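Please read the structure below before turning to the comments.
The values are calculated or read from the model by the stated rules, or taken from the named source; none is laboratory data. In this text the structure is predicted, and so the values were computed from the model without any measurement. Here the Cβ is made from the backbone with ideal geometry for all residues, glycine too, and neighbour counts use every protein chain on show.
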Amino acid sequence: MLNRLILFGFTFAFILGSENGKMDTLLSPITFAGTDFNLVENGNSSVHYIWLHGDEKTAKMALDHHISHFPGRAFFIQNDNREIPYLSTIIDPNRLFSRSGSYHSLKKFKPYWPPGTLKKALDDIERDRIEFLEIIMPKKDGILISVHNNFRGYNVKYELKFSRKTSIKKQQNPRDFILCTHEKDFEKLANGPYNVVLQDTVIKRDNGSLSWESLRRNVRYVNIETRLGYLTKQKKMLAFVSETLN
Ligand SMILES: [Zn+2]
């Protein structure tokens, strides 16, 4: 694609929604909780993609391939592990999209925090989250598509209890599935060959993942989950989602 634009870790200030309207050419990095993200842009589209777990390399390769063929804006975390370094601990970046999720994530590998420090960390992450979501969330009627891989046991069956509608295909591996938050999207996706679940009901104590925050914001969100190593499968599922939802 000729109009493909690659911005390594930087975005222009006007993407950040600068209020005064002037075309500020200063570059500012896209970061979340101290970790950088690269932005790859193909044309002008309100379809956004995100790769959040640095160890899920198949998902990264699939998205890298996909964004060179389909219009949209893709955000890639710059990290090699599932968790990102934060202060003196590590945290899961896909557990930071609610305060309670952030709390559990901060305590997971560091149970004890000196008085006041945990609250400060939560406040800092909250400020970061607001800015980061401003950048990654698509504009109205856009879609946010995330890509993930699983390694061992995790599969669609774990999501059934949170799902209001499901479409499970016998011929599909339960570890390859699509999760979405809008019923109209579900109806279209369920007609395809893949496992699909609809999660459109906000739960009280969510785990802080991006899907729940998207649901709270009424943003159309789609997660494409495949087994690690199944690159062709994930590319096909990405193409299917992009071609089916528009
Ligand atoms: Zn993941």
key: Test for GLU83: is it buried (at least 17 other Cβ atoms within 10 Å of the Cβ) and out of contact with any helix residue (DSSP H, G or I) (no Cβ under 9 Å at 6 or more places or on another chain)   = no
Check on ILE67, of a type in the set (Val, Ile, Thr) and surrounded by 22 or more Cβ atoms within 10 Å (Cβ to Cβ) = yes
Filter result (buried (at least 24 other Cβ atoms within 10 Å of the Cβ) and in contact with a Lys or Arg (Cβ under 6 Å, 6 or more places away or on another chain)) within the range 209-227 = THR226
message = Condition first: of a type outside the set (D, E, K, R), free of Cβ contacts under 8 Å to residues at least 60 places away in the same chain and farther than 21 Å from LEU39 by Cβ. Now tell me which residues in the range 82-108 satisfy that.
response = PRO85, TYR86, LEU87, SER88, THR89, ILE90, ILE91, TYR103, LEU106
ask   = Does the range 91-100 include one or more residues that are closer than 17 Å to SER209 by Cα and part of a strand (DSSP E or B)?
value = yes
query = Looking only at the range 95-109, which residues are surrounded by fewer than 21 Cβ atoms within 10 Å (Cβ to Cβ) and within 16 Å of the ligand (Cβ to nearest atom)?
reply = LYS108
request  = Could you tell me whether the range 153-173 includes any residue that is away from the ligand (no atom under 16 Å from the Cβ), of a type in the set (D, E, K, R) and touching a residue at least 40 places away in the same chain (Cβ under 8 Å)?
outcome  = no
Selection count, the range 70-80, where residues are away from the ligand (no atom under 16 Å from the Cβ), crowded, with 17+ Cβ neighbours inside 10 Å and not in a strand (DSSP E or B) = 1
message = Can you say whether VAL202 is within 26 Å of GLU134 (Cβ to Cβ) and of a type in the set (Val, Ile, Thr), as far as the supplied structure shows?
response = yes
request  = Confirm whether ILE15 is out of contact with any Leu (no Cβ under 6 Å at 6 or more places or on another chain), within 15 Å of the ligand (Cβ to nearest atom) and either modelled with pLDDT under 95 or part of a strand (DSSP E or B) (or both).
outcome  = no
query = Counting only residues that are crowded, with 16+ Cβ neighbours inside 10 Å and outside any strand (DSSP E or B), which one in the range 47-56 is farthest from the ligand (Cβ to nearest atom)?
reply = GLY54
note = For the range 118-145 the number of residues that are within 16 Å of the ligand (Cβ to nearest atom) and within 16 Å of ILE30 (Cβ to Cβ) is 2
inquiry  = Name the residue that is nearest to the ligand (Cβ to nearest atom), counting only residues in the range 203-231 that are closer than 13 Å to LYS60 by Cα and of a type in the set (Ser, Thr, Tyr).
reply    = THR226
remark   = Scanning the range 82-94 residue by residue, those touching a Lys or Arg at 6+ places or on another chain (Cβ under 7 Å) and within 13 Å of the ligand (Cβ to nearest atom) turn out to be ASP92
